[in-house]
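Computed from the coordinates by the stated procedures, all read-outs in this text should not be read as laboratory data. Treat the numbers as computed from the prediction; the structure is a model and nothing was measured. Glycine also receives a Cβ, built like all others from the backbone with ideal geometry; neighbour counts cover every protein chain displayed.
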Amino acid sequence: MSTANPAVRRLDDWDAERLRALRDEYDSPLYVLDLNRVRENYRRLARAFPDADVRYAAKANTLRHALAALGESGAGIECASAGEVARALDALRGVADDPGARVQYTAVNPPDVDLDTVVELWNDFSALTVTVGAEDTVDRLEERGYDGRLCVRVNPGVGAGHHEKVRTGANAKFGVPYDRATDLLADAADRGFDVVGIHAHAGSGISGDDLSAHRELVSRMGDLVRDSPVDLEFVDIGGGFGVPYGPDENPLDLDAVAEATREALGDVDARLAIEPGRYLVADAGVLLTDVNTVKETAATTVVGVDAGMTTLLRPAMYDASHRIRNLATDADGRDTVSQTVTGPICESADVFGSDLDLPAPERGDVLALGNAGAYGYEMASQYNSRPRPATVVLDRGEACLARRRETVDDLTRLEEL
Ligand code: LLP
């Protein structure tokens with residue numbers, strides 16, 4: 001692996017001075033996304049899976065710059081809603097010859113409005129693909145006149161991932177039962193759909209230890225391709241490629257995953273597709289936040305910051321640990337103090353980390369939280385009437401504002417008086 005494109009970018013690899021300057025220019029809290037790193041992540045993954053279609057799972061970060069950068073690099077885009085489909089098509093315009101051919105909509109209990117919108121978009125982008133996870137979604141597409149490209153999501157019965165809440169593979173909500181898949185493929189083809197693929201997704205944030213689940217899922221998908229009554233163009237094995245969040249965690253061995261995938265899939269005639277989200281954007285992003293309060297207590301030193309669970313939900317939702325670095329110029333010379341970093345939201349879940357050994361905090365310090373590029377802004381809310389933060393992108397050395405900070409006016413804009 002070339003050092004020019006390392007397998008992981010750690011929080012310490014970011015230039016503290018640059019980040020402090022961005023905070024000064026664009027205020028706090030602030031998301032920063034480095035598009036060069038997004039492109040590097042894509043290149044590494046594409047190199048490890050040279051025969052696969054890489055479809056970026058947009059739900060990790062739908063920022064237009066991210067979608068366009070990945071589209072330019074050659075990625076397709078996997079979408080979880082009609083909103084994501086619309087945003088993906090928009091970002092791919094001018095980047096891809098046929099934007100529709102790069103877009104796959106994975107329908108999960110799709111609301112009527114999603115199917116209406118996607119079918120309408122399909123009239124203009126006839127090469128897009130719809131993935132169904134329930135037999136009656138096929139009926140609902142037929143009722144709307146859709147007979148385009150169709151993929152069937154199966155429930156592989158194998159789940160994996162960093163937390164119970166993100167393991168989908170064995171959860172009945174996702175996909176048609178494995179033993180119903182071949183009938184559905186045949187039925188959909190009989191009814192005139194252009195049946196092109198099968199899909200499964202085990203879960204999110206799969207680390208090296210979980211490769212056995214990955215193998216199992218892929219091998220079941222290989223069996224299904226071989227049993228399929230219809231010739232399939234692709235077999236999509238989902239996303240879930242994990243990244244290290246802790247300083248001692250190792251990056252995923254992509255070559256080992258690719259090798260395991262090839263072995264488990266066996267000899268199939270269909271093209272492999274993968275749907276990485278987190279892997280492409282996580283370590284390309286940081287969240288910057290100001291320290292506004294330092295409070296000594298018998299239990300701990302409480303460090304109050306201006307970002308909270310509304311800005312970055314993952315610690316509250318999954319007990320996820322995002323590394324924290326104090327960017328103060330003199331941080332290295334300060335004593336280390338055990339501290340709890342916590343936001344301004346009136347919930348005890350609003351904690352980014354407890355018992356952290358970090359430089360003694362001072363009001364006005366700027367902290368950086370790592371791996372904030374995936375499922376960060378995307379899961380942000382306006383709870384407690386907190387406007388969502390701004391996002392700055394770094395592109396070929398230049399910084400630019402990619403999404404402005406919300407204001408309190410934005411919070412009330414939709415209210416009718
Ligand atoms: N494909 C499908 C059908 C998915 O449902 C997902 C993620 C992906 C691909 C991409 O998974 P990734 O490569 O990013 O692991 N909010 C959670 C993650 C939820 C992921 C849901 N589905 C988190 O912050 O950890």
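Run the dipole for the chain about the Cα centre, Lys and Arg Cβ at +1, Asp and Glu Cβ at -1, nothing else charged, and hand back the magnitude in debye, nearest 20. List each step's numbers first, then the result.
Values: 44 positive and 73 negative charges, 144 e Å.
Roughly 700 debye for the chain.
Once the mean of 1/r is taken over each pair of separate Cα atoms and inverted, the chain shows a Kirkwood hydrodynamic radius of 22.4 Å. Sorted on the mean count of surrounding Cβ atoms within 10 Å across their residues, most packed first, peptides 313-322, 264-273 read 313-322, 264-273.
Counting only the Cα atoms, the stretch 283-412 fills a convex hull of 118 Å³ per residue. Applying 1/(1 + (r/R0)^6) with R0 = 22 Å to the Cβ-Cβ distance of Asp15 and Arg404 gives a FRET efficiency near 0.40.
Estimated purely from DSSP H runs of n ≥ 4, each contributing -39500 (n - 2.57), the mean residue ellipticity at 222 nm for the chain is -8500 deg cm²/dmol once divided by its residues.
Among the trypsin sites (Lys or Arg not before Pro) within the stretch 295-402, those in coil by DSSP and having at most 12 neighbouring Cβ atoms inside 10 Å are Arg363, Arg396.
The residue among Gly397, Ile345, Leu369 whose Cα reaches farthest toward the positive pole of the charge dipole of the stretch 283-412, with charges on the beta-carbon of Lys, Arg, Asp and Glu, is Gly397. For the stretch 153-195, a Kirkwood hydrodynamic radius built from all Cα pairs, placed in the Stokes-Einstein relation at 4 °C and 1.567 mPa s, yields a translational diffusion coefficient of 113 µm²/s.
DSSP finds beta bridges in the chain, and of those with both partners inside it, around 40 percent are antiparallel. A Förster radius of 60 Å combined with the Cβ-Cβ distance from Asp183 to Asp357 puts the calculated FRET efficiency at roughly 0.55.
Which whole-number percent is the relative contact order of the chain (Cα, under 8 Å, 6+ apart)?
Values: 926 pairs, mean separation 77.8, N = 417.
So the answer I get is 19 percent.
Taking only alpha carbon atoms, the stretch 340-417 gives an Rg to Rh ratio of 1.01, where Rh is the Kirkwood radius.
Can you give the longest stretch of the chain with no exposed loop site, where a site means GluC sites (Glu not before Pro) in a DSSP loop (not H, G, I, E or B) with at most 15 other C-beta atoms within 10 Å?
No qualifying site falls inside 1-248, the longest such stretch.
Fully extending the segment from Thr297 to Ser126, taken as 0.36 nm per residue of separation minus the present Cα-Cα distance, adds 55.4 nm. A dipole drawn for the chain from +1 and -1 charges on Cβ atoms has a positive end, and of Gly238, Met221, Gly205 the residue lying farthest that way is Gly205. Across the stretch 217-254, the residues whose backbone nitrogen lies under 18 Å from the label position 7 Å along the beta-carbon direction of Ala7 are 240-254. About its Cα centre, the dipole of the stretch 276-354 is roughly 220 debye, where the only charges are +1 on Lys and Arg Cβ and -1 on Asp and Glu Cβ.
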